[in-house]
Amino acid sequence: MHGLSIETLLFAFMLTLLAGMATSIGAVLAFFSKSKNYTVLSIGMGFSAGVMIYVSFVEILAKSKNSFILLYSNEITGETLSVLCFFAGILFSAVIDRIIPDDVNPHETKSNSELLELKSENKNQMFNNSLLKRTGVFTALAIAIHNFPEGFATFVSALHNPSVGITIAFAIALHNIPEGMAVSLPIYHATGDKKSAFWYATLSGFAEPIGALVGFFLLFPFMGEATLGITFGLVAGIMIYISFDELLPAARVYGNAHTTIAGITLGMLVMALSLIGFKLV
């Protein structure tokens, strides 16, 4: 890792930045979301989950295990430590979820119709607009917290394998789109201000490149087999948690079991072909 070139670092950072900025796409889509067919969104969420589940178990967790084996020259020790780091990544993500209130948690994405229904239920329009705007602002903060470890995971994956990094960045970007909508919708409906709604959603996505930079500068001075093993194990756990706690439930909400499994299968296929293709280059 110490031999990384400036070009490799910039490439990984730009991928992370682009993935984070997908919240801006969600913000724009929210302005045209009066009536929607959410089937494509469901397949997209399943696709993202398929990509992250496959690469976590097939590639990233294996890298964690191999790093620990090289360090301790013992397969059992290497596998045990990688598993511990994997579950530590899941626990870390669960703790983040725990400290965020359910009503503003990005995992509880609201559709446009649900937000409009919420708006019509309250007779005091001024109070309800204030509530909607508050929901949007707090959702932006919640998403920023969630995007921080996602940015680190994308960045590390891109450093390790550019092909994997591109695919993961694409998957993260897909799942950031509805998160951008979750921020933009309530603020837009509360204020009618497209610029404000857009920038709140966009700023929530900036947490991803910030997560990449903070993680990199904290870990780079100590980078070795032990740090690599811990990092890859944590990253695998984080991505599995995101997939099962956020992406798959969202895919079912926006579609059904068939659209979800179609997306998962397609995501796994793309990730598998990407890994094979990279080895052939």
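What follows is calculated from the coordinates using simple rules that are stated; it is not laboratory data. Since the structure is predicted, the reported quantities are computational estimates derived from the model, not experimental observations. Note that we place each Cβ from the backbone using ideal geometry, even for glycine, and neighbour counts take in every protein chain shown.
Points to keep in mind about this one:
- Inter-label distance for Ser73 and Thr265, nm, one decimal - labels placed 7 Å from Cα along Cα-to-Cβ: 4.8
- In the range 143-281, the C-alpha radius of gyration followed by the widest Cα-Cα span (Dmax) gives 16.8, 53 angstrom.
- Sites Phe206 and Phe87 - FRET efficiency at Förster radius 22 Å, r taken between beta-carbons, to 0.05: 0.15
- Distance in nm between pseudo-label sites at Phe217 and Asn256 (7 Å out along the Cβ direction from Cα): 5.1
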